Amino acid sequence: MAHEIPCWYMRGGTSKGPFFLARDLPEDPTIRDAVILAAMGSPDPRQIDGLGGAKPLTSKVGILSVPTDGGADLDFLFGQVGIADALVDTTPNCGNMLAAALPAAIEAGLIEGDRGTTTRRVRTVNTGVVAEISIETPCGQPVYDGEARIDGVPRPAAPVTCGFLDTEGSLTGSLLPTGNVRDTVDGIEMTLIDNGMPVMIIAAAALGLRGDESPGQLDGDAALKARIEALRLKAAPLMNLGDVSHKPVPKITLVSPPRAGGAIGTRTFIPHDVHTSIGVLGAVTVATAAVLPGSVAYDVAHPGEGDVRTLSIEHPTGEFSVEVGMEGTRVVRAALLRTARLLMRGTVPVSPSIWCGPAA
Ligand SMILES: O=C(O)/C=C(\CC(=O)C(=O)O)C(=O)O
């Protein structure tokens, strides 16, 4: 008989995927990952035999637990699940799935919601980044209907507010891991930066682009993608990320002057497909570069003024507003809005041969 794993299938921002409780999954990470791959239908380019959506933004999972060290109220382990690769990567952050972690934990009975608004510190175990997340819980349970709108999601929903502190160097050790605000790799100038997400920021013009091309146009340009991947493989070791040929970081954001009254125009490779919008911590990192004099982003940005300012990061399906708190030219905190929704709750059946791991 199949093993039934409790599961809450959530949309978090512009991503979606199943959430599990750590206690419902095998402890051994190798068996756990085999179970997740089976649940998602990987490896298979169509993920036809599982829950995965055959795109990076819909091939994600969250694993929840309550920490005992006092460092947070909820631990969220994020997994980027390979589609054609049999790989569950728990290295990077994902701010979109993070937005769904608290409602999922309340749905699962792991955390008791407050009456009115529930605010908790949620730690992304992957990097240790802690975010303060607030959701509406009028009677102690999350509500999902509401009037908050985020670009990339067609319907309005209840707001999820996310506040970040201490995101510098999340994976690379420092905001500017090379020690430079600008580097040159294979003749292309770039800013290599990590304020929650390692990102290579390159002017779209440096690659012969305008910067407002559609994701379809960019995804269809095999020569461009090969060039960008070659740059990524060279830049990643400079960012202390080593060999990233099987890693989803760093991301690459091509920047250009804003076209819709925002702070900057973006097209982001994550890293092999073009994002239909932009990731959460990706947007925080691009906003950080946009206000940093000397960076490639600063050259084309309208960075605004003041110790607290809102930067509108333009992307293929609209914009993403990031409020930043600054000390000098340094971003020390970021706040932003997401929405999330429970799409389905149930159990995922997994074959006992996978659940039990290889025979001894
Ligand atoms: O960059 C990606 O692969 C996609 C993400 C990551 C994210 O949310 C973030 O940058 O925090 C997403 O949109 O879910």
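Laid out as a table, the results:
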read-out: Likely footprinting exposure, LEU292, LEU231, fewest C-beta neighbours within 10 Å first; value: LEU231, LEU292
read-out: Excluding exposed DSSP-loop GluC sites (Glu not before Pro) (at most 11 other C-beta within 10 Å), longest clean stretch of the chain; value: 148-304
read-out: Three-way shape call for region 173-326 based on the alpha-carbon gyration tensor, with the a/c threshold at 1.5; value: oblate
read-out: Reachable aspartates and glutamates, given that their alpha-carbon falls under 14 Å from the alpha-carbon of LYS234 and they are not under 8 places away in the same chain; value: ASP183, ASP186, GLU189, ASP243
read-out: Region 251-323 and region 72-91: distance between their alpha carbon centers, rounded to Å; value: 25
read-out: Helix-derived mean residue ellipticity, 222 nm - over the chain, DSSP H n ≥ 4, -39500 (n - 2.57), to 500; value: -5500 deg cm²/dmol
read-out: Nearest-20 debye value, the chain charge dipole, Cβ charges on Lys, Arg, Asp, Glu; value: 400
read-out: Overall form of region 87-172 per C-alpha gyration tensor (a/c, 1.5; a/b vs b/c); value: prolate
read-out: Over region 1-142, relative contact order from alpha-carbon pairs under 8 Å, at least 6 apart, %; value: 21
read-out: Region 238-360, relative contact order [Cα under 8 Å, separation at least 6], %; value: 20
read-out: Nitroxide proxy distance, nm - points 7 Å out along Cα→Cβ at GLU305 and ALA206; value: 2.9
read-out: Cleavage-rule hits, trypsin sites (Lys or Arg not before Pro), region 49-121, DSSP coil, Cβ neighbours within 10 Å at most 10; value: ARG115
read-out: Relative contact order [Cα under 8 Å, 6+ residues apart], the chain, whole percent; value: 19
read-out: Radius of gyration and maximum dimension Dmax of region 313-360, Cα, Å; value: 21.9, 59
read-out: Stretchable slack from HIS246 to ASN180, in nm (0.36 nm times residue separation minus alpha-carbon distance); value: 21.2 nm
read-out: Cβ crowding within 10 Å averaged over residues, with 81-93, 345-357, 8-20 ranked highest first; value: 8-20, 81-93, 345-357
read-out: Dimensionless Rg ratio for the chain, taking C-alpha atoms and the 2.2 N^0.38 Å reference; value: 0.96
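No value in this document is a laboratory result; all are computed from the given coordinates. Because the structure is a prediction, the values reported are computed rather than measured. Note that we place each Cβ from the backbone using ideal geometry, even for glycine, and neighbour counts take in every protein chain shown.
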